[in-house]
Amino acid sequence: MHYRELAANQRGFLLRSQLTEEEIKEARDTGFIINEHLLYTKQGFETQLSESSTSDIYYWLWLLAFPTIPPEQRNPMPYFAGREALDIRGIGRGGGDPTLIVAPPELMPYANTAEGVGEFIVDDNIQPTDWSLVDGVPVENILPALRKYLMTNDDFEDSADATLDAHYYGCSWDELAEVLEVCTGRWTDENGRKPQTGKEVLDHFLNEYASPATSEDEEDDW
């Protein structure tokens, strides 16, 4: 029953393409394959080993992005980008942006675009330095992920949270100011003007979050 070992190496998930019909029947008959609930699909299965943490769900989506290609054969590596990359790293507060997966063009003929896995960004020059594994999930580096997120999110608090979290996780203020150029002219600051540079957007974020709390603010927190 090699599929049990395979599932154990894939957070409990299996791709249909990895199993014979006989193995699928056996795994169902023994109760090893369970009803799918994370994402309805005919391309893969959850098993008794599957869990439902944030990282597990994103791994499941990544696994299903190319359901006919085993994970070990996905080279260059397709990886999560934008909001998902930040979410997996614990940066920001989430959001409803599309799931983005950066993929090499040679894999795109096998991409699962029919089941709502996400939007694919085709890149013919993916490098190992573009991404890293976070809890076993390949994710984009923080700065380019933050830039993609900011380009699709116009919520001030969400954008500020993600930016300040990125600094906490090692990005410099200068690096963040450069990324924040995509936000210029978006929000009105306390002086009634819209910041025109990334540095001014960053100052706006810091001024809002560094403002001393009043007694009323503290009461509201409680």
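The values are calculated or read from the model by the stated rules, or taken from the named source; none is laboratory data. Fair warning: this is a prediction, and the values are worked out from it, not measured in the lab. Ideal geometry is used to build each Cβ from the backbone, glycine not excepted, and the neighbour counts take in all protein chains shown. Surface accessibility is based on the protein's heavy atoms, side chains included, excluding ligands, DNA and RNA. Shrake-Rupley method; radii C 1.70, N 1.55, O 1.52, S 1.80 Å.
When Gly12, Gly94, Gly44, Gly116 are screened for being touching a strand residue (DSSP E or B) at 6+ places or on another chain (Cβ under 7 Å), of a type outside the set (Phe, Trp, Tyr) and on the phi > 0 side of the Ramachandran plot, only Gly12 passes.
Only a single item in (1) open to solvent by 50 Å² or more (accessible area, probe 1.4 Å); (2) in a helix (DSSP H, G or I); (3) at pLDDT 95 or above; (4) of a type in the set (S, T, N, Q) is not met by Gln196, and it is number (2). Taking the conditions (1) touching a residue at least 24 places away in the same chain (Cβ under 8 Å); (2) open to solvent by 70 Å² or more (accessible area, probe 1.4 Å); (3) under 30 Å from Asp165 (Cβ atoms) in turn, Gly92 satisfies each one other than (2).
So is Leu64 touching a residue at least 12 places away in the same chain (Cβ under 8 Å), part of a loop (DSSP other than H, G, I, E, B) and under 16 Å from Leu6 (Cβ atoms) or not? Considered against the rule, which asks whether it is touching a residue at least 12 places away in the same chain (Cβ under 8 Å), part of a loop (DSSP other than H, G, I, E, B) and under 16 Å from Leu6 (Cβ atoms), Leu64 comes out as no.
Within the stretch 137-173, how many residues are outside any helix (DSSP H, G or I) and surrounded by 13 or more Cβ atoms within 10 Å (Cβ to Cβ)?
Total satisfying the criteria: 7.
Just wondering, is there one or more residues in the stretch 68-85 that are open to solvent by 10 Å² or more (accessible area, probe 1.4 Å), of a type in the set (Gly, Ala, Ser) and in contact (Cβ under 8 Å) with a residue 12 or more places away in the chain? Checked against the condition, which is being open to solvent by 10 Å² or more (accessible area, probe 1.4 Å), of a type in the set (Gly, Ala, Ser) and in contact (Cβ under 8 Å) with a residue 12 or more places away in the chain, the stretch 68-85 yields no hits at all. Residues of the stretch 86-121 that are out of contact with any Ser or Thr (no Cβ under 8 Å at 6 or more places or on another chain) and outside any loop (DSSP other than H, G, I, E, B): Leu86, Arg89, Leu100, Ile101, Val102, Ala103, Pro105, Glu106, Leu107, Met108, Pro109, Ile121.
Do you know which of the residues in the stretch 5-57 that are closer than 19 Å to Phe80 by Cβ and among the acidic types (Asp, Glu) is modelled with the lowest pLDDT? Across the stretch 5-57, the extreme among qualifying residues is Glu51.
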